[in-house]
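Written out below as structure tokens is the structure these notes cover.
The values are calculated or read from the model by the stated rules, or taken from the named source; none is laboratory data. Please read these numbers as outputs of a predicted model, since none were measured by experiment. Every residue, glycine as well, gets a Cβ built from its backbone with ideal geometry; the counts of neighbours run over all protein chains shown. For the accessible areas, the whole protein counts, side chains as well, though only heavy atoms, and no ligand, DNA or RNA atoms are used. Shrake-Rupley method; radii C 1.70, N 1.55, O 1.52, S 1.80 Å.
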Amino acid sequence: MSDLEDDETPQLSAHALAALQEFYAEQKQQIDLGEDDKYNIGIIEENWQLSQFWYSQETALRLAQEAIAAVGEGGRIACVSAPSVYQKLRELCRENFTVYIFEYDKRFAMYGEEFIFYDYNNPLDLPERIAAHSFDIVIADPPYLSEECLRKTSETIKYLTRGKILLCTGAIMEEQAAELLGVKMCTFVPKHTRNLANEFRCYVNYDSGLDCGI
């Protein structure tokens, strides 16, 4: 090959090369993830721009155990904007119940058919295969502490659930949660991997193991 041909060979810029290397590294990470590892909380990093804050291991475990107890064997669980609980459920047990993750962040599409793209701004824009009132319990953690976000997420919750609701949101949303979903605050206080400025609480509409005074 001549020097002229060498000069005409396309060359990647440093930025493009770095982006390509990052892409290959991400692909390798996904390939390297074992069946057990892919459900670890934190395997997908928090994106603060999407208001993502993962639960602590202890909280995720407690909420997952509560969901399993609430639905029983063969039950159906919907995790709406609550990926930490979905991951813990799948880490605990994979055959005794059905669970779906409703999430805006498409990184969670790594979970295959159990991933349902969800945008709270379009609360009922769901796939046809997700039938109304087809879940024994809905666990939801609206991404923003606003009346609008809770109201729209509540539409989704009421569409999905056969009855039971486990809502995690700020303590300041207690009145709105009661009005929209008929839920009451539990004594159990959820914790996150990072300390948040706002106090978070759990709310349910059934006799739960989270020490709710219903």
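A few points about this structure:
- Output for the range 197-214, where each listed residue is touching a strand residue (DSSP E or B) at 6+ places or on another chain (Cβ under 6 Å), assigned to a loop (DSSP other than H, G, I, E, B) and at pLDDT below 70: ILE214
- Criterion violated by MET110 - all others in (1) within 11 Å of the chain's Cα centre (by Cα); (2) of a type in the set (A, V, I, L, M, F, W, C); (3) over 23 Å from ARG62 (Cα atoms) satisfied: (1)
- Some residue of the range 187-196 being open to solvent by 50 Å² or more (accessible area, probe 1.4 Å), over 21 Å from the mean Cα position of the chain (by Cα), modelled with pLDDT of 90 or more and not acidic (Asp, Glu): yes
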